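What follows is a single structure, written as structure tokens, with notes after it.
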Ligand code: HSE
């Protein structure tokens, strides 16, 4: 049967991996897809690099628009990234009746509603398994595998760079800046790691999972995002003494009032499997009513793991190439006319438990003052730790774990606690999720 023809935009790490894996596993992939999948055009600004990877196997150009407009290309794989030229190319591919496979979480989290609407109009598919958690088939699992369930929440380690940094901080007792510098030297972190360390990349990914889980449009601009740049090594150490690990989690939860959509460093009980996901690995925990908890673990980045997801999408699209568009799996799991307008809750309305670290004068009555303020805001204490002051010092660290409360109550309590004359500096507040 005539091969399905693929135009590849960007022959960097993932593009190269896609080319390699497609070639290596061509025979089995063809048996699965029902016809050969062939990359026939490659666009990249770096023609020499493209030539090195592709050889004579495909037409190479530095004009990506020539690929998305080529009448022989059936599927466009977009691996450029970002919201700029990638958006123009994806929309132009759709206008030209091409299916699109993309790893671009930023593009879909921010412009997904517009892109999916354009694709529906043209009767083409936009597939994005590689956009979340690299090689882990989490999009497929949430969109299709769990479709019998009412999904309650998802919590994921969906950024490998930050998980690597947090693992190193814990293992070696180093500061964020020390580990970041080392990670950059070793090539584990980008030269500009802002999107990773500030939590933006994880927020793009949890935005997509949230929409798939709850049948809403993508709403990245409503996400609450905190990264790990101000996380202190001592908080990782204290958390450990209390039986917790700190992970950068993307969390989305359905409540009666709406949907929580947030990324922040989170204490997780060390006995949870997800708390033991180390280094650059990713893991996503999904709680759903029928199946209960399911956990998905694997490599969230890298050439061949991400290519694995890209090619799975290519196989899906190839199988459905000639299917009636109305009978394809909907982009966001739910039928487009069935999307819900659930509000994303502001952070004040989020309910979670807390870790607090206060530096206080070491004298009678201090603890009573702090706990009185918490009680006045209906915040119940779960556990406490007081670090002995160094010899001669008049200052001690108090660490408090609380039961669940609304963030607005905690913020009001912390305003009063910070104003106490015995409290030195700001109070460190981290969120804690039992994930039970
Ligand atoms: N920069 C991402 C990470 C990989 O560190 O996990 C691509 O999504």
Quiz item: How many residues are surrounded by fewer than 23 Cβ atoms within 10 Å (Cβ to Cβ) and either within 16 Å of the ligand (Cβ to nearest atom) or without any contact (Cβ under 8 Å) to a residue 24 or more places away in the chain (or both) when one looks only at the stretch 198-220?
Solution: 2
Exercise. With respect to residue 67, determine if the residue is modelled with pLDDT of 95 or more, touching a strand residue (DSSP E or B) at 6+ places or on another chain (Cβ under 9 Å) and within 20 Å of residue 320 (Cβ to Cβ).
Key: no
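If a residue counts only when it is free of Cβ contacts under 8 Å to residues at least 24 places away in the same chain and either closer than 26 Å to residue 133 by Cβ or outside the structural domain of residue 208 (by TED's automatic domain parsing) (or both), which helices (runs of 4 or more DSSP H) contained entirely in the stretch 14-108 have at least 2 such residues?
On the way: elements: 26-33, 47-54, 64-68, 85-95.
Answer list for the stretch 14-108: 26-33, 47-54, 85-95.
Restricting to the stretch 305-342, name every residue that is within 20 Å of the chain's Cα centre (by Cα) and farther than 15 Å from residue 77 by Cβ.
Going through the stretch 305-342, the residues within 20 Å of the chain's Cα centre (by Cα) turn out to be 305-310, 312-313, 331-333.
Within the stretch 305-342, 305, 331, 332, 333 qualify.
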Quiz item: Residues in the stretch 4-18: is at least one under 26 Å from residue 94 (Cβ atoms) and more than 29 Å from the chain's Cα centre (by Cα)?
Solution: yes
Quiz prompt | Flag for residue 356 being touching a residue at least 24 places away in the same chain (Cβ under 8 Å), under 36 Å from the mean Cα position of the chain (by Cα), in a loop (DSSP other than H, G, I, E, B) and surrounded by 15 or more Cβ atoms within 10 Å (Cβ to Cβ) | solution = no
Self-check item: Among the candidates 189, 133, residue that is in contact (Cβ under 8 Å) with a residue 12 or more places away in the chain, in a loop (DSSP other than H, G, I, E, B), within 12 Å of the ligand (Cβ to nearest atom) and under 12 Å from the mean Cα position of the chain (by Cα)
Solution: 133
Quiz item: Can you tell me which residues in the stretch 138-166 are part of a loop (DSSP other than H, G, I, E, B) and more than 16 Å from the ligand (Cβ to nearest atom)?
Solution: 146, 147, 148, 149, 150
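Using the structure shown, decide if residue 75 is modelled with pLDDT of 95 or more, more than 28 Å from the chain's Cα centre (by Cα) and buried (at least 23 other Cβ atoms within 10 Å of the Cβ). It would help to see each step written out before you state the result.
Details: modelled with pLDDT of 95 or more: yes; more than 28 Å from the chain's Cα centre (by Cα): no; buried (at least 23 other Cβ atoms within 10 Å of the Cβ): yes.
Judged against the criteria, residue 75 is not a match.
The values are calculated or read from the model by the stated rules, or taken from the named source; none is laboratory data. These numbers come from a predicted model, not from an experiment. As a convention, Cβ positions derive from the backbone with ideal geometry for all residues, glycine included, and neighbour counts pool all protein chains shown.
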